1. Specify which of the listed residues (Val59, Val16, Val63) is touching a Cys at 6+ places or on another chain (Cβ under 8 Å) and free of Cβ contacts under 8 Å to residues at least 40 places away in the same chain.
2. Test Ser14 against the stated conditions and say whether it is of a type in the set (Ser, Thr, Tyr), crowded, with 16+ Cβ neighbours inside 10 Å and out of contact with any Phe, Trp or Tyr (no Cβ under 8 Å at 6 or more places or on another chain).
Amino acid sequence: MVSTSRPAGPGAQSVVRIYPSTVAPWGSSNCRIDAADISMDDWHMYGMIMRAWKDNLTVVVTVESTERVDTTDTACRITVVATP
């Protein structure tokens, strides 16, 4: 997680970065394949990810290839978190 205030890197503030256990391309996008980001505004998705991690559950994550939370990186924004 990165704080809501990061003067040294304002493009990377308010980010929760997720590193999936299975690394694969996000479709035909140019998104970073080993990570995706949740905006701190999407607290409900962060909560779902944390619950899945705590309870060792599998989740399906969808990213939006045209959106970046961290504007200094190529990790795409997570827009959907669901259980299979």
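1. Val63
2. Details: of a type in the set (Ser, Thr, Tyr): yes; crowded, with 16+ Cβ neighbours inside 10 Å: yes; out of contact with any Phe, Trp or Tyr (no Cβ under 8 Å at 6 or more places or on another chain): yes.
When the stated conditions are applied, Ser14 passes them.
Every number here is computed from the coordinates shown, using simple stated rules; none is lab data. Quick caveat, the model's predicted, so the values are computed rather than measured. Positions of Cβ are backbone-derived with ideal geometry, glycine not excepted, and every protein chain shown enters the neighbour counts.
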